[in-house]
Amino acid sequence: MVEDVLHDLGDKVVGALVDATSATRADLAEYRAAFPGWVADSSERGLSNWIHDRLWAHLRRQLTDVDSVELLDQGVTREVTVGLRYRARVKRHTGRDRVRSYATKSALAFWAQSDALEGLEEVRLGFGYRWDPEERVIGSTIVSLRDGLDKDAIWAVEVDAGAAGTSITWTPVDPSLPQIDLYEALARDEEDEAT
């Protein structure tokens, strides 16, 4: 499925995402060099919003004239639609390729994959980058698929431009296994046995 999605999106769209992420990374470095105190004092949310605005601006410039691509920019909702089948939201991904969003009706509906006839379904993707919160740096460019908000990715791939900047390469990311903590359940069982 990953290969099909990347093929359908095409090199122009995937390349624009890679280039926009790279340009945003350079913007952050420039911002950090010019105003190191401002960046250091920024909250996670504030810096994330600044990065998101820069990434969206670069994507908008690169995708405006690409056939079959539509950009939706309505307040907090920003989406990239590619053809009739793919819709993506630009998101920061954690090291485990999770994305965060307020659990609004719109967000819950977007991240839940639709049930439709084979080939007619709309596939909703995450476009973005991997974020290192400790170093506060933009990592790899990511395209991901998930079925539900606050769910692990079904798949995620790192995409990158080739050395000549013309071909797109991708690397699958192994899904992270869930972490199961039975401490609370065991503690409750021990309390029940003690009473």
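The values are calculated or read from the model by the stated rules, or taken from the named source; none is laboratory data. Keep in mind it's a predicted model, so treat the numbers as computed, not measured. Don't worry about glycine lacking a Cβ; one is built from the backbone with ideal geometry, like all the others, and counts go over all protein chains shown. For the accessible areas, the whole protein counts, side chains as well, though only heavy atoms, and no ligand, DNA or RNA atoms are used. Shrake-Rupley method; radii C 1.70, N 1.55, O 1.52, S 1.80 Å.
Per-structure values
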quantity	calculated
Filter pass, residue 29 being open to solvent by less than 70 Å² (accessible area, probe 1.4 Å) and not in a strand (DSSP E or B)	yes
Selection from region 72-84 of residues that are closer than 17 Å to residue 10 by Cα and either in contact (Cβ under 8 Å) with a residue 60 or more places away in the chain or open to solvent by 80 Å² or more (accessible area, probe 1.4 Å) (or both)	80, 82, 83, 84
Members of region 32-57 found to be touching a helix residue (DSSP H, G or I) at 6+ places or on another chain (Cβ under 6 Å) and open to solvent by 20 Å² or more (accessible area, probe 1.4 Å), listed by number	32, 54
Check on residue 69, buried (at least 19 other Cβ atoms within 10 Å of the Cβ) and β-branched (Val, Ile, Thr)	yes
Test for residue 67: is it touching a residue at least 12 places away in the same chain (Cβ under 8 Å), more than 23 Å from residue 26 (Cβ to Cβ) and assigned to a loop (DSSP other than H, G, I, E, B)	no
Residue match in region 94-103 (condition: in contact (Cβ under 8 Å) with a residue 60 or more places away in the chain, part of a loop (DSSP other than H, G, I, E, B) and surrounded by 17 or more Cβ atoms within 10 Å (Cβ to Cβ))	yes
Test: residue in region 167-174 that is at pLDDT 60 or above, open to solvent by less than 80 Å² (accessible area, probe 1.4 Å) and part of a loop (DSSP other than H, G, I, E, B)	no
Selection from region 131-140 of residues that are closer than 14 Å to residue 28 by Cβ and touching a strand residue (DSSP E or B) at 6+ places or on another chain (Cβ under 7 Å)	131, 132, 138, 139
